[in-house]
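Throughout, read-outs are computed from the coordinates displayed, never taken from laboratory work. Bear in mind that the values here come from a model prediction, so they are computed numbers and not experimental data. Here Cβ is always computed from backbone atoms with ideal geometry, including for glycine, and neighbour counts include all displayed protein chains.
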Amino acid sequence: MNAHGGHIYNEGTYRSMSADVDNILTMCYYDHINWWHKNPIEASAWFKEKYPELAKTLKRRTWEKPVINWEARWNEINSPTD
């Protein structure tokens, strides 16, 4: 069985949470693909019930962390200076 890391707050909407290790839930392939992604409302309710304090912490972080445009930041870092 393969272990998968699933984002609790998806990285498409919450880009600043993409690399937050607290935002990753390890699960088997089947649960990740066939439950977590196909039943997000049920999965979210389960997570909030199973890990209430972490759920509150992560929710707070979605508001505290700025959204980072990683592509623009990469280009900024790698652009030649005069």
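Taking the inverse of the mean 1/r over every pair of distinct Cα atoms in the stretch 3-78 gives a Kirkwood hydrodynamic radius of 13.5 Å.
Taking each residue as 0.36 nm, the span from Lys38 to Val21 lengthens on full extension beyond its C-alpha to C-alpha distance by 3.9 nm. Summing Cβ point charges (Lys, Arg +1; Asp, Glu -1) relative to the Cα centre of the stretch 3-78 gives a dipole of roughly 200 debye. Relative to the longest principal axis of the Cα atoms of the chain, the long axis of helix 40-50 makes an angle of roughly 80 degrees.
Between the listed residues Asn10, Trp70, Tyr51, the Cα displaced farthest toward the positive end of the dipole of the stretch 3-78, a dipole computed from Cβ unit charges relative to the Cα centre, is found at Tyr51.
Hey, with R₀ at 22 Å, roughly what FRET efficiency would Asn10 and Asn78 work out to, going by the Cβ-Cβ distance, to 0.05? Intermediate values should be presented prior to the final figure.
Numbers: r = 27 Å, r/R0 = 1.23.
It comes to 0.20.
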